[in-house]
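Participant: First, the structure itself, so that you have it in front of you.
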Amino acid sequence: MTTEGRNGDGFCYRHPDRESYVLCQRCGKTVCGQCQVSAAVGVHCPECAGGNKALGKPAKLLGARSSRAGGERFQPRATYVLLGIIVSVYVAQFLSGGALTQWAAYWPPLTVLEPWRMMTAVFVHSDSSIFHVLFNGYSLYILGTLLERLIGPGRFVALFLLSGFGGSLAVLWLAPSTAVVGASGAIFGLFGALFVIQRSFGGANRQLVIVLALNLAMGFIVPGISWQAHVGGVVTGALVAWILVRTRQGDRSRARRTQLVLVGAGLVAATVLGVLL
């Protein structure tokens, strides 16, 4: 997990001791809740808002400008790396004649002997339909480019991996005889995280709830979709985001790291318990 300095992009430019995930839509400066000025699209800093004194009112929308201070265009590198891994693995699945799929897929009875499958399954997809990897890849691109701007690349990768782990854990507990592949558990974790972060800044996210509910419902209706992984991912992602929101102040970075480690440890403990039972 990355560590940001107190005067870096992760801290309000007017209050260096306040960590924030929101950027001014015009200049790209990081602004805390007190300094955010609601705009027609996203939020502005007080200077870009023309000296607007209506401070102290949290922004209604999440500002996610594609550039930072100084005109440097923001690049969601962690999202691109994860997408690159997924695409490379998918190509390797075909080149291996399906052997890689068999090695990396998660099947709960193999958890004791091959526990790494709980994570490797996130990066392999069905080799019988290209739409599986296309849908997950597109979802990762859309959600990743937004969330990585808000929470930073290190936290974003932690969110993605922990959510994927949570999805596999839910399969172990709720469908112990089902083999699964795909990043959908991690993708639903991103949905859950975005919901929590939006709510923390007073954002209206009824549309997000509708999209999330429809996608969850598909898992119960369409055969071959693991709704268990989706539920496990969204719960884990929401928990991780809740921790990030509660510990976003600059003096709580140690607490944030500790709590995220505890989440990972809790997932491991629940895995051990699930195997024993």
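The values are calculated or read from the model by the stated rules, or taken from the named source; none is laboratory data. Computed from a prediction, not measured in an experiment: that's the story for all the values here. Every residue, glycine as well, gets a Cβ built from its backbone with ideal geometry; the counts of neighbours run over all protein chains shown.
Participant: Taking Gly189 as the residue in question, decide whether it is modelled with pLDDT of 90 or more, assigned to a helix (DSSP H, G or I), in the same structural domain as Ala179 (by TED's automatic domain parsing) and within 18 Å of Leu150 (Cβ to Cβ).
Facilitator: The answer is yes for Gly189.
Participant: In the list Thr120, Thr101, which residue meets the criterion of being within 13 Å of Val180 (Cα to Cα), without any contact (Cβ under 8 Å) to a residue 40 or more places away in the chain and part of a helix (DSSP H, G or I)?
Facilitator: Unique residue meeting the criteria: Thr120.
Participant: For the range 217-276, how many residues meet the condition of being more than 18 Å from Val180 (Cα to Cα), of a type in the set (Val, Ile, Thr) and more than 20 Å from the chain's Cα centre (by Cα)?
Facilitator: 1
Participant: Between a first residue in the range 200-229 that is without any contact (Cβ under 8 Å) to a residue 24 or more places away in the chain and a second residue that is surrounded by 12 or more Cβ atoms within 10 Å (Cβ to Cβ) and polar (S, T, N, Q), which pairs have beta carbons less than 7 Å apart while being 6 or more apart in sequence or on different chains?
Facilitator: Going by the 7 Å Cβ cut-off, the qualifying pairs are Asn205/Gln198; Leu208/Gln198; Gly219/Ser226.
Participant: Confirm whether Gly219 is of a type outside the set (A, V, I, L, M, F, W, C), in the same structural domain as Leu174 (by TED's automatic domain parsing) and more than 30 Å from Cys32 (Cβ to Cβ).
Facilitator: yes
Participant: Inspect the range 170-178 for any residue being under 21 Å from Ala265 (Cβ atoms) and touching a Pro at 6+ places or on another chain (Cβ under 7 Å) and give the result as yes or no.
Facilitator: So far as the range 170-178 goes, yes, one or more of its residues are under 21 Å from Ala265 (Cβ atoms) and touching a Pro at 6+ places or on another chain (Cβ under 7 Å).
Participant: Here is a follow-up. Here are Val180, Val245, Val275: which of them is closer than 21 Å to Phe131 by Cα, among the aliphatic types (A, V, I, L, M), modelled with pLDDT of 90 or more and touching a Ser or Thr at 6+ places or on another chain (Cβ under 6 Å)?
Facilitator: Only one candidate qualifies: Val180.
Participant: What residue, of Ala213, Ala229, is in contact with a strand residue (DSSP E or B) (Cβ under 8 Å, 6 or more places away or on another chain) and either in a helix (DSSP H, G or I) or not assigned by TED's automatic domain parsing to the domain that holds Gly144 (or both)?
Facilitator: Step by step, each of Ala213, Ala229 is checked, and only Ala229 is in contact with a strand residue (DSSP E or B) (Cβ under 8 Å, 6 or more places away or on another chain) and either in a helix (DSSP H, G or I) or not assigned by TED's automatic domain parsing to the domain that holds Gly144 (or both).
Participant: Of these, Gly154, Gly167, which one is surrounded by fewer than 22 Cβ atoms within 10 Å (Cβ to Cβ) and either at negative phi or under 17 Å from the mean Cα position of the chain (by Cα) (or both)?
Facilitator: Step by step, each of Gly154, Gly167 is checked, and only Gly154 is surrounded by fewer than 22 Cβ atoms within 10 Å (Cβ to Cβ) and either at negative phi or under 17 Å from the mean Cα position of the chain (by Cα) (or both).
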